Amino acid sequence: MTAHRLLLVEDEPSLARTVSDRLVAEGYDVEIAANGPSGERMATEGDFDLVLLDISLPRKNGFDVCRDLRRKGVATPILMLTARNELVDRVLGLKLGADDYLAKPFETLELLARIEALLRRSQAGTAASGAAADTARGYRFGDVRVDFDRAQVWRTGEDGAEAEIACSALEYRLLRFLIENRGQVHDRDRLLDQVWGYDATPTTRTVDVHVSSLRQKVEPNPGRPEFIVTVHGLGYRFDG
Ligand code: CA
């Protein structure tokens, strides 16, 4: 069994080192980020099992990092760490998508117990959500929800209300294929085979056109796609 990978986002070097040393001694792989933006980037790009997230961080606080990770569809469990032990922090952290909360100063044993509990829960959750995803027949990423039963795509607006996004049948099939095969890179020929269903009679440019129109509909910023990403020289991949 490979070691669990933990990301520790903590700007206090001595505390980061103490906690990290202890976690490594317990058999975890630990990486450290010393400010909000680098923690967010590492949590987004790295394959971590858990994020330990301080709240008071330089450049971007832990609440904002947590909220933006969840908005991007990063589902890695987050344990928030804070010097402030107020109920409002706890409630806000959990509301923004954190999974648990630990007030500083904490006992190492308490931290280890929380980490183990979260990892157990997330492993059970992954197994369960795999089954649930099949029965629920839908998928969420960012503020978009795809309903596989009805072949509909919905987006939650600023006001919290959902509105349907009009997609063509091809756009919908392309989106669904990308979601069902998320994390994999698909070249244009494969997408033509799988989504269009015939062997590349249209040019591969057709794929680019449809990807572009789909991005306009589901990406928060179509000019800088977060979900339907281009893998240069290879094709496209769904990250969400
Ligand atoms: Ca701090």
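Between residue 149 and residue 75, what is the label-to-label distance in nm when each label sits 7 Å out along the Cα-to-Cβ direction? Once both label points are built, they end up 1.9 nm from each other. Subtracting the Cα-Cα distance of residue 5 and residue 180 from their residue separation scaled by 0.36 nm leaves 60.5 nm. Eigenvalues of the alpha-carbon gyration tensor of region 1-43, scaled by 5 and square-rooted, set the equivalent ellipsoid semi-axes at 18, 14, 4 angstrom, largest first.
The largest accessible area among 99, 189 belongs to the first residue in 189, 99, and the rest follow in falling order (1.4 Å probe, all chains).
Counting pairs of alpha carbon atoms under 8 Å apart in space and at least six apart in sequence, what relative contact order in percent does the chain give?
On the way: 358 pairs, mean separation 28.5, N = 240.
This gives 12 percent for the chain.
Accessible surface ranking for 167, 66, 1.4 angstrom probe, highest first: 167, 66. Cross-link reach is defined here as a Cα-Cα straight distance under 16 Å, omitting same-chain residues fewer than 8 places apart; for residue 104 the aspartates and glutamates meeting it are 10, 11, 12, 54, 86, 89. What is the helix-to-structure angle for 62-71, meaning the angle in degrees between its Cα long axis and the longest Cα principal axis of the chain, kept from 0 to 90 and rounded to the nearest 10? Around 20 degrees separate the two axes. The accessible area of residue 22, taken with all protein chains in place and a 1.4 Å probe, comes to roughly 90 Å². For residue 30, neighbours were defined as the other residues whose beta-carbon sits under 13 Å from its Cβ, and their charges (Lys and Arg +1, Asp and Glu -1) total -3. Surface analysis of region 136-238 yields an accessible area of 55 Å² per residue, using protein heavy atoms and a 1.4 Å probe.
Along its principal axes, the chain has C-alpha extents of 63, 40, 35 angstrom, given from the largest down. Angle check, please: helix 36-45 long axis (alpha carbons) against the longest principal axis of the chain (alpha carbons), in degrees 0 to 90, nearest 10. The angle comes out near 50 degrees. Rounded to the nearest percent, how much of the accessible area of the chain (1.4 Å probe, protein heavy atoms only) is carbon and sulfur? Using a 1.4 Å probe with all protein chains present, the chain comes out at 49 percent carbon and sulfur. Across region 159-200, the fraction of Cα-Cα pairs farther apart than 14 Å, rounded to a whole number, is 56%. Heavy-atom accessible surface of residue 56, to the nearest 10 Å², is about 70 Å², with a 1.4 Å probe and all protein chains retained. Please report the base-10 log of the normalised intensity I(q)/I(0) for region 136-238, using a Debye sum with one equal scatterer per alpha carbon and no solvent, at each q in 0.14, 0.19, 0.21, 0.22 (1/Å). Debye curve over Cα of region 136-238, log10 I(q)/I(0) at q = 0.14, 0.19, 0.21, 0.22 Å⁻¹: -0.51, -0.94, -1.13, -1.24. In the chain, the DSSP-assigned H stretches of four residues or longer account for a calculated mean residue ellipticity at 222 nm of -13000 deg cm²/dmol, using -39500 (n - 2.57) per stretch and the full residue count as denominator. Taking 0.36 nm per residue of sequence separation and removing the Cα-Cα distance, the residue 110/residue 229 pair yields an extension gain of 38.9 nm. Below 8 Å, C-alpha to C-alpha, sequence gap of six or more: please give me the relative contact order for region 150-240 in percent. With pairs under 8 Å counted, the relative contact order is 28 percent. Eigenvalues of the alpha-carbon gyration tensor of region 1-115, scaled by 5 and square-rooted, set the equivalent ellipsoid semi-axes at 19, 17, 13 angstrom, largest first.
A straight line joining the Cα centroids of region 48-75 and region 162-177 runs 30 Å. How far, in nm, would the chain grow between residue 103 and residue 17 when pulled straight, counting 0.36 nm per residue and subtracting the alpha carbon separation? Value of the extension gain: 29.2 nm.
Can you sort 80, 42 by 1.4 Å-probe accessible area, starting with the largest?
Largest to smallest exposure gives the sequence 42, 80.
Seen from residue 67, the other residues with C-beta closer than 13 Å to its C-beta sum to a net charge of +1, counting Lys and Arg as +1 and Asp and Glu as -1. Kindly express, to the nearest 10 degrees and within the range 0 to 90, the angle between helix 169-180's C-alpha long axis and the longest C-alpha principal axis of the chain. Helix 169-180 and the main axis of the chain meet at about 30 degrees.
The values are calculated or read from the model by the stated rules, or taken from the named source; none is laboratory data. Keep in mind it's a predicted model, so treat the numbers as computed, not measured. Here Cβ is always computed from backbone atoms with ideal geometry, including for glycine, and neighbour counts include all displayed protein chains. Ligands, DNA and RNA are excluded from the accessible area calculation, which covers all protein heavy atoms including side chains. Shrake-Rupley method; radii C 1.70, N 1.55, O 1.52, S 1.80 Å.
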